[in-house]
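Structure, as structure tokens:
Nothing in this text is a laboratory measurement; each read-out follows from the coordinates by a stated rule. Everything quoted here is computed from the prediction, not taken from an experiment. Using ideal geometry, Cβ is built from the backbone for each residue, glycine included, and neighbour counts are taken over all protein chains shown.
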Amino acid sequence: MKLLVGLGNPGGQYEGNRHNIGFMAVDAIARAHGITQFRSKHAGLLAEGNIGGEKVILLKPQTFMNRSGDSVQQVAQFYKIAPSDIIVFYDELDLAEGKVRVKVGGGNGGHNGLRSIDPQIGLGYKRVRLGIGHPGKEFVTHHVLGDFAKADRDWVEPLLGAVGKHVAMLVKGDDSGFMNKLALATRPAEEPQAKPAAKAQSHIRQARPAKPPAELPKTGPMADMLRKLRGE
């Protein structure tokens, strides 16, 4: 049995955040494999199904990111799942948008979800790092807790679709094959040949003003998580 965990924050206000791409990945897996019955249990939303002949549990912790380990540990203990059979999907600032890397063990890289999981189940679980790009240190909080832009759909949707389609490779241990499939799915299409400069000028449009940043909480679990994210 494998435990597939997607990291994110519960609540509709965080649903489209970059920080919630782990939740999105688990939802894509569920859709691709007809796993529909999520229920509230062990401080999370979980569902059972079958992928590539292997029984799996899908989990979305509902404890907020910085306490994700509480839910993961409870599920692992209840179902007697070893860390080597746990796969965690999460957002990675230090990878370019759409890039994916799979590894076992290592540091938490400052990610609050991993920081919560590591001391509770150890380091021997598989990590699927889903790149969201790094905006610069001063913009990290708003980037991570901001929604994906419309332009991001060009890589987010193919990425999540490929995660769902090819996750059986990951479950069976073919990490390299899984990464290759995702790289192909998110590879940009060949750009059309550039038009003459005179014609191109007629198509230039004024950029839309940037969306004002959302007001961030000052108290509570999310505020604690933000302070850790900023290294305060």
Subject >> Computed lengthening from ASP94 to ASP147, 0.36 nm per intervening residue step minus Cα-Cα distance >> reply: 17.3 nm
Original post:
Calculated FRET efficiency, ASP224 and GLU138, Cβ-Cβ r, R0 30 Å, to nearest 0.05?
Top reply: 0.90
**OP:** Using only the alpha-carbon atoms of region 55-123, report the extent along each of the three principal axes, biggest first, to the nearest angstrom.
**Re:** 36, 25, 20
Original post:
Counting only Cα, what are the radius of gyration and maximum Cα-Cα distance Dmax of region 66-191, in Å?
Top reply: 15.4, 51
Subject >> Full-extension gain in nm, LYS80 to ASN50, via 0.36 nm per residue minus C-alpha separation >> reply: 9.0 nm
Subject >> Over region 1-139: Kirkwood hydrodynamic radius from C-alpha pairwise inverse distances, Å >> reply: 14.9 Å
Original post:
What is the log10 of I(q)/I(0) for region 1-55, computed with the Debye formula using one identical point scatterer on each Cα and no solvent, at q = 0.17, 0.20 Å⁻¹?
Top reply: -0.56, -0.76
